[in-house]
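Remarks on the structure that follows.
The values are calculated or read from the model by the stated rules, or taken from the named source; none is laboratory data. Since the model is a prediction, treat every value here as computed from it, not as a measurement. In this analysis, Cβ positions are derived from the backbone assuming ideal geometry, glycine residues included, and neighbour counts consider all displayed protein chains. Calculation scope for accessible area: heavy atoms of the full protein, side chains included, ligands and nucleic acids excluded. Shrake-Rupley method; radii C 1.70, N 1.55, O 1.52, S 1.80 Å.
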Amino acid sequence: MARQEPRDGLERELERLDGAPYGRYRGLAGAWRLGAGRTLRLVRAQADPFAPPGRVTLWIDGREAGFDPELWATPVRRRALAGYLVRCAAREARGERAYHLDAGGQEVLDRSSCTVGADGSVTLRLGVALPGPRRRIDGREAWRLLGPGLTRLADRALRAGALEAARVREFVETVEDAAALRAALPGLGLVGFVADGALLPRRSGADDRPARGAGVVPFRSPEELRVTVTLPNAGEVTGMGVPEGVTLIVGGGFHGKSTLLRALEAGVWDHVPGDGRERVAARADTVKLRAEDGRRVERVDLHAFVDHLPGGADTTDFSTDNASGSTSQAASLCEAVEAGARVLLIDEDTAATNLMIRDARMQALVAKEREPLTPLVDSVRSLHRDHGVSTVLVMGGSGDYLDVADRVIMMDAYRPTDATARAREVAAVPTGRRAEAESFPGVVHRRPDPASLDATAKGRTRIRSRGTDYLVFGEHEVDLRAVEQLTDGPQVTGVGLAVELLVRRGHLDGRRTLAQALDLLETDLAGPEGVAALLSVHDEDFAVPRRYEVAAAVNRLRALRVLR
Ligand code: ADP
Ligand code: MG
């Protein structure tokens with residue numbers, strides 16, 4: 001973004017506009033000097049007092065911010081430092097209702113709301129509701145918010161001198177350790193890691209902070225699965241390594257199976273100090289799957305799981321506007337692998353039973369010719385052996401997976417034990433079940449039609465989130481309720497911006513496959529542009545998504561067309 005020379009005299013200008021019609025705030029758009037090393041930019045003025053707040057960028061140069069260069073030496077450290085600063089700024093701004101600042105939750109993501117540059121500069125992007133009693137400019141109040149107010153925010157929250165150095169360092173080092181842990185997993189032959197002492201349960205289904213109280217059982221790894229990893233800051237850390245292959249989590253109801261899986265699910269993100277999951281990590285290419293009846297499916301090759309349907313539909317090239325539980329989960333699995341997922345997480349609580357299992361008695365009752373579904377139990381081994389895709393599965397209700405699991409983790413009153421040997425003994429007694437497939441044939445890569453991914457509505461780009469549930473994309477509303485690793489509304493906005501970028505930059509050109517286009521997107525986001533790559537369409541808050549969530553949104557867009 002070209003930075004025009006900032007102007008002086010915002011206070012004078014606002015004094016002059018006091019009492020003028022509200023619309024004249026627009027004339028203030030642009031950059032203003034706000035004291036030494038600080039620039040304020042009014043990116044977009046509100047159209048009227050009831051419209052969404054105006055957008056303001058506050059930039060503080062590296063010298064004025066004054067952070068130790070070590071704290072912003074790498075992209076991960078810059079993300080962490082920005083994550084710390086935006087939380088400080090949000091705390092500082094709490095009493096001021098005119099400021100709208102996206103501080104994020106327990107995860108530390110690349111966010112538009114605060115970025116740290118490779119020169120140590122700090123950029124804060126926030127909404128400021130510009131005051132307008134009776135639709136007139138209140139110049140004095142506007143100056144208080146934009147001048148002294150933001151100066152105070154910068155002074156107290158965005159400068160090294162105002163912050164506790166040890167806390168800043170702890171935050172940065174915690175995030176760096178988590179990222180290093182995740183990156184180390186493939187080399188250790190692991191798909192996940194849960195450190196001893198980790199606190200996995202959350203306060204409630206609607207509150208992602210750690211559960212409190214005497215009843216919380218800290219994680220303790222079973223000896224057989226205990227591994228030691230060396231992290232850049234914390235040094236040696238022990239915990240449970242979840243190996244590649246097929247891992248089963250079993251145990252009685254309410255014994256903590258789903259909680260462990262959810263911790264792994266969230267292990268693709270880094271967490272704030274005090275979260276309890278700071279040293280829980282899953283490989284970056286881990287995708288949670290679930291059943292999602294009613295979703296659209298566009299031209300996915302499902303024949304590994306679904307064949308000879310009653311209507312005679314071609315399941316090697318399958319489309320529907322209204323998938324069943326099993327076909328939706330089969331499609332989501334194929335799409336995840338197509339997008340590059342190498343670890344799949346599935347919980348019996350949210351899976352389609354008939355896609356997961358078909359036991360000996362049901363095989364005896366319903367002939368294979370009359371059952372379109374081939375259960376995952378018969379291809380899950382091949383997924384790993386032939387395609388390098390590991391699976392971690394919570395399955396307390398059926399023993400058929402004991403035949404195919406490499407590892408069995410038993411949860412007993414929130415404590416994991418290695419039940420692999422015992423499971424082998426149990427599995428040695430035959431059930432009479434016959435395998436229904438030899439192998440998983442692999443996925444077919446698809447070429448989306450970029451014209452079908454239109455972000456405009458009434459001639460304007462429209463990308464918005466409704467919490468983590470829906471993405472508004474052009475004329476469409478994409479249902480993302482089943483995409484469970486999305487963290488927050490701004491990340492959903494980030495997904496929409498990423499889809500728009502795929503089309504606008506020509507990454508999706510009708511010839512490239514979705515996976516190839518996602519490779520280019522990742523290159524853009526990892527490059528020097530970083531977060532700014534997604535910044536160009538508008539200036540709403542967003543967080544940078546993973547390729548898997550971007551793919552999930554493309555696949556759920558009801559307008560999506562795949563080219564032949
Ligand atoms: P399951 O999937 O085995 O039925 P859940 O994972 O849903 O069990 O956990 C059941 C309940 O126990 C939840 O309310 C969860 O928050 C709580 N819980 C899970 N792990 C722990 C733990 N380590 N300490 C205390 N409570 C826990
Ligand atoms: Mg459960």
Check your understanding: When both residues are 6+ apart or on different chains and their Cβ atoms are under 6 Å apart, which pairs have a first residue that lies in segment 316-342 and is part of a helix (DSSP H, G or I), and a second that is of a type in the set (Asp, Glu)?
Key -> Gly325/Asp293; Ser328/Glu292; Ser328/Asp293
Practice item. Output yes when any residue across segment 364-385 is within 16 Å of ligand 1 (Cβ to nearest atom) and open to solvent by less than 40 Å² (accessible area, probe 1.4 Å), and no when none is. Key: no
Practice item. Looking only at segment 516-537, count how many residues are open to solvent by 30 Å² or more (accessible area, probe 1.4 Å) and touching a strand residue (DSSP E or B) at 6+ places or on another chain (Cβ under 7 Å). Key: 1
Review point. Does segment 435-447 contain any residue that is surrounded by 14 or more Cβ atoms within 10 Å (Cβ to Cβ) and in contact with a strand residue (DSSP E or B) (Cβ under 7 Å, 6 or more places away or on another chain)?
Key: yes
Review point. Asp412 passes all but one of (1) within 27 Å of Arg283 (Cβ to Cβ); (2) among the acidic types (Asp, Glu); (3) touching a Lys or Arg at 6+ places or on another chain (Cβ under 9 Å); (4) surrounded by fewer than 17 Cβ atoms within 10 Å (Cβ to Cβ); which number fails?
Key: (3)
**Study point:** segment 267-278, subset within 15 Å of ligand 1 (Cβ to nearest atom) and not small (Gly, Ala, Ser), residue surrounded by the most Cβ atoms within 10 Å (Cβ to Cβ)
**Key:** Arg277
Point to revise | Failed criterion for Gly396 (all others in (1) under 25 Å from Ala304 (Cβ atoms); (2) at pLDDT below 95 hold) | key: (1)
Review point. Can you name the residue in segment 456-515 that is out of contact with any Leu (no Cβ under 8 Å at 6 or more places or on another chain) and among the aliphatic types (A, V, I, L, M) and is also nearest to Leu557 (Cα to Cα) among such residues?
Key: Val472
Review point. If you take the residues in segment 279-300 that are among the hydrophobic types (A, V, I, L, M, F, W, C), more than 22 Å from Thr230 (Cα to Cα) and within 17 Å of the chain's Cα centre (by Cα), which one is nearest to ligand 1 (Cβ to nearest atom)?
Key: Leu289
Review point. Where in segment 250-311 are the strands (runs of 3 or more DSSP E), entirely inside, with at least 3 residues that are under 30 Å from Ala367 (Cα atoms)?
Key: 297-300
Review point. Looking at segment 503-515, which of its residues are crowded, with 19+ Cβ neighbours inside 10 Å and within 15 Å of Glu529 (Cβ to Cβ)?
Key: His507
Review point. Would segment 229-245 turn up any residue that is assigned by TED's automatic domain parsing to the domain that holds Arg415, within 21 Å of Leu345 (Cα to Cα) and β-branched (Val, Ile, Thr)?
Key: yes
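Can you pull out every residue in segment 252-261 that is within 9 Å of ligand 2 (Cβ to nearest atom) and either open to solvent by 10 Å² or more (accessible area, probe 1.4 Å) or in contact with a Phe, Trp or Tyr (Cβ under 9 Å, 6 or more places away or on another chain) (or both)?
Within segment 252-261, Gly253, Phe254, His255, Gly256, Lys257, Ser258, Thr259 qualify.
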Study note, to complete from the structure: With the first residue restricted to segment 240-266 and required to be farther than 11 Å from Val194 by Cα and near ligand 1 (Cβ under 7 Å from one of its atoms), and the second required to be open to solvent by 20 Å² or more (accessible area, probe 1.4 Å) and of a type in the set (Asp, Glu), Cβ contacts under 7 Å at 6 or more apart or on different chains are Gly251/Asp412; His255/Asp412; Ser258/Asp349
Exercise for review: Could you identify the single residue in Leu190, Leu163 that is more than 16 Å from ligand 1 (Cβ to nearest atom), touching a residue at least 24 places away in the same chain (Cβ under 8 Å), surrounded by 15 or more Cβ atoms within 10 Å (Cβ to Cβ) and within 19 Å of Glu278 (Cβ to Cβ)?
Suggested key: Leu190
